[in-house]
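Have a look at the structure below, then the notes.
The values are calculated or read from the model by the stated rules, or taken from the named source; none is laboratory data. Treat the numbers as computed from the prediction; the structure is a model and nothing was measured. Every residue, glycine as well, gets a Cβ built from its backbone with ideal geometry; the counts of neighbours run over all protein chains shown. Quick note on the areas: whole protein, heavy atoms, side chains included, nothing else; ligands and nucleic acids left out. Shrake-Rupley method; radii C 1.70, N 1.55, O 1.52, S 1.80 Å.
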Amino acid sequence: MKVCLLLLLAAAGGSAAGVTDEELWVLTEKLFDADVNAVGDQLTINLQGEGTSGDLATGPLFAVVPDSALSGTTIKLLRQVQDNYIPEITVAEVHTADDIAEQDALLDAMMNTQVMKLTETFLHDNGLLTGSLRVKLDEIWFTLYVRSGGKLGSSGFENTFVGELGTGEVIGLNNWVSFYTEEQKNYLDYGGWLRIIDLGTKGHILLDHFEWLAEPKASGTMFIGTSPELEMATYTVCFLARPDSLCTVQMDNQQFNIVTSTIPYNGKILVDSAYPEI
C-alpha cells in the first residue's frame, strides 16, 4: 500500500521526501510575512470558557468582524465558493457553470498573490511539483470524490474550508470565514476553547469545540484572521512534502504542526483533510 501511494504521488507531481524541516520553516515564515491579505488585526474574538466538553460559551466566538475584514478580494471570493456546497456527505453535489466560474475566480485571485508565487517557486525548486500550481490546486482541492458512507460530493476544499456532515458528526470545518458565516446564520454554536496561539497582528490559531447544524465537533483547529491563500498554500506544501504525517511549520517565530491526509481516487491523490495542530 505504501509503495502504491508513493507511485501515485510521483505520478501526480509530488514527493513524500526531499525537503528538510528547516526548509519548511523558512518557507512558511516567508509565506506568513507575505500574507498582506490577513485581517487578524480587524477581528475581535470572545474565547469565554476553557475546557474540553459542555457548552462553556454563552455567546459567539466572533464578537466583531467589520465589513472591511470580509471585503478583500480573496476572502470575498472564498465566501462565494463556500456557498456552493451541501454539508451532508450523503447528498451528491451538482456544481453549475456559475459555481465553477466562482471557483476559478478564487484560484486565479489566489495565484496572483505573492504567497502563491513563493509557494509555486518552492515546490518547483524542490521537485515537489511539475507544471502549473494553479492546475494542481484545482485537482487536489476541488476534485469531487466519494467519502465512506457518502455519495459523489466530497472534496478537500469542502472538508477544510467549508465543513461536512457525516453520520452524527462534523467533518472538517477548519476555516474561520466559514465558522463566522455559520455563526451569523445561527447554524453553529461555539462551545469553548482548549488552546490558542497568538500570531501577532495577523491572527491566531485556535483549538475549540462546537456544534454545527446540531452535530458535534469535539475538537477542531483553525487559523483565525489569515487569508485563504496562506492557508491553502501551507496545506498544499505539507500535502506534497509530508503527506499523511505531521508537517512542522513556522509563523511569527512559532512552530506548530500541519496535518494533511490523502485520499486516492480515480488514479489521483487528493486532499482528504488539512488543519493546523496545536
Is it fair to say P264 is touching a helix residue (DSSP H, G or I) at 6+ places or on another chain (Cβ under 7 Å) and part of a strand (DSSP E or B)? yes
Options V64, V94; residue that is at pLDDT below 95 and either more than 19 Å from the chain's Cα centre (by Cα) or at negative phi (or both): V94
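Condition check ((1) surrounded by fewer than 18 Cβ atoms within 10 Å (Cβ to Cβ); (2) under 19 Å from G203 (Cβ atoms); (3) touching a residue at least 24 places away in the same chain (Cβ under 8 Å); (4) aromatic (F, W, Y)) across all residues:
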position	(1), (2), (3), (4)
T221	no, yes, yes, no
G225	no, yes, yes, no
M232	no, yes, yes, no
L240	no, no, yes, no
L246	yes, no, yes, no
V249	no, yes, yes, no
I258	no, yes, yes, no
Restricting to the range 267-278, and then to whatever is part of a strand (DSSP E or B) and touching a strand residue (DSSP E or B) at 6+ places or on another chain (Cβ under 6 Å), can you tell me which residue is surrounded by the fewest Cβ atoms within 10 Å (Cβ to Cβ)? E277
In the range 3-60, the residues that are closer than 19 Å to I258 by Cβ, among the hydrophobic types (A, V, I, L, M, F, W, C), modelled with pLDDT of 95 or more and in contact with a helix residue (DSSP H, G or I) (Cβ under 9 Å, 6 or more places away or on another chain): V19, L24, L27, L31, F32, A34, A38
Looking only at the range 147-161, which residues are part of a loop (DSSP other than H, G, I, E, B) and open to solvent by less than 10 Å² (accessible area, probe 1.4 Å)? S155
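Residue-by-condition table, conditions (1) among the aliphatic types (A, V, I, L, M); (2) open to solvent by 50 Å² or more (accessible area, probe 1.4 Å):
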position	(1), (2)
A101	yes, yes
L106	yes, no
N112	no, yes
T119	no, no
H124	no, yes
K136	no, no
E139	no, no
F142	no, no
Y145	no, no
Among residues belonging to the range 43-81 that are polar (S, T, N, Q), in contact with a strand residue (DSSP E or B) (Cβ under 8 Å, 6 or more places away or on another chain) and not in a strand (DSSP E or B), point out the one that is nearest to W176 (Cα to Cα). N46
Would you check which residues across the range 61-92 are touching an Asp or Glu at 6+ places or on another chain (Cβ under 8 Å), of a type in the set (S, T, N, Q) and open to solvent by less than 60 Å² (accessible area, probe 1.4 Å) and list them? T74, N84
Going by the structure shown, is L213 open to solvent by 10 Å² or more (accessible area, probe 1.4 Å) and closer than 22 Å to A101 by Cβ? no
Can you run down the residue pairs with Cβ atoms below 8 Å, 6 or more apart or on separate chains, where the first is in the range 170-199 and within 24 Å of T260 (Cβ to Cβ) and open to solvent by 20 Å² or more (accessible area, probe 1.4 Å) and the partner is of a type outside the set (A, V, I, L, M) and part of a helix (DSSP H, G or I)? I171/N159; T181/R79; T181/Q82
